[in-house]
Amino acid sequence: MVMSDSRTNVSERRDQLLRVARDIFAERGYPATTMDDIAAAAGFTKPILYQHFSSKEALYNELVQTASSQLLEALVGATKDVSNPREIVESAFHGYFDVIMHETAIFRLLFLQPHIGDHLSELRRVESRLTSYIEEMIPLRSDPTLRRQLAACVVGMAEGAATAWLVQQESAGWPPLVDGAVDEMAQRISGLAWGGLRSVQTDES
């Protein structure tokens, strides 16, 4: 049953539409999802959906940008009170995996669904924002070009681990998150990343 525009306020209605769209895009991908699908699943008419989002692409891009902001906020929050370089790296990975492993739908959209054209460019902007943040955290006396390359490698490592975990969860039917899973993932990947960063630092010494 399609509900009227008056049942919730504007902000709540918009948030609901974003949640529904996120879940459908994550499950079906961008090409297979229509605005009709999203409106029907949310229980609104399509004209109401278009009051909030001018197009499917605009809606999708907002979801991608939201994911980017969530990741950056997680990294900032996890590292703001840490000063030891080794702990900074581990805390950053912990913040990253914590948000991905608890908010799987938005990151299934990022990491499991195909991206082409403008959507691929939007994903690259997400990666660039993450790389820029990580770049400032690398405790190396290296030139800017090398620091940028190393930061991109760290982001790629995190994305690869996140993608592998999401695929495993999907294959298993999305079981509940196991206690300690975030800690374990963060420790493993940060150990690998820190070992690589330390080896570069040693080479420069």
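The values are calculated or read from the model by the stated rules, or taken from the named source; none is laboratory data. As the structure is a computational prediction, the values presented were derived from the model and not from experiment. Cβ: placed from backbone, ideal geometry, glycine included. Neighbour counts: every protein chain shown.
Of note:
- Residue check for Glu62: within 13 Å of the chain's Cα centre (by Cα), among the acidic types (Asp, Glu) and either buried (at least 19 other Cβ atoms within 10 Å of the Cβ) or assigned to a helix (DSSP H, G or I) (or both): yes
- Extreme residue, nearest to the chain's Cα centre (by Cα), among residues of segment 43-59 that are part of a helix (DSSP H, G or I) and among the hydrophobic types (A, V, I, L, M, F, W, C): Leu59
- Scanning segment 158-176 for residues that are part of a helix (DSSP H, G or I), of a type outside the set (Gly, Ala, Ser) and farther than 19 Å from Ser128 by Cβ gives Trp165, Leu166, Val167, Gln168, Gln169, Glu170.
- Residue match in segment 107-115 (condition: at pLDDT 85 or above, of a type outside the set (S, T, N, Q) and over 30 Å from Ala21 (Cα atoms)): no
- Considering segment 14-42, the residues that are part of a helix (DSSP H, G or I) and in contact with a His (Cβ under 7 Å, 6 or more places away or on another chain) include one that is nearest to Trp174 (Cα to Cα), namely Leu17.
- When Glu73, Glu87 are checked against the criterion of being in the same structural domain as Val154 (by TED's automatic domain parsing), more than 21 Å from the chain's Cα centre (by Cα) and assigned to a helix (DSSP H, G or I), a single residue qualifies: Glu87.
- Residues being surrounded by fewer than 21 Cβ atoms within 10 Å (Cβ to Cβ) and among the small types (Gly, Ala, Ser) - total across segment 79-108: 2
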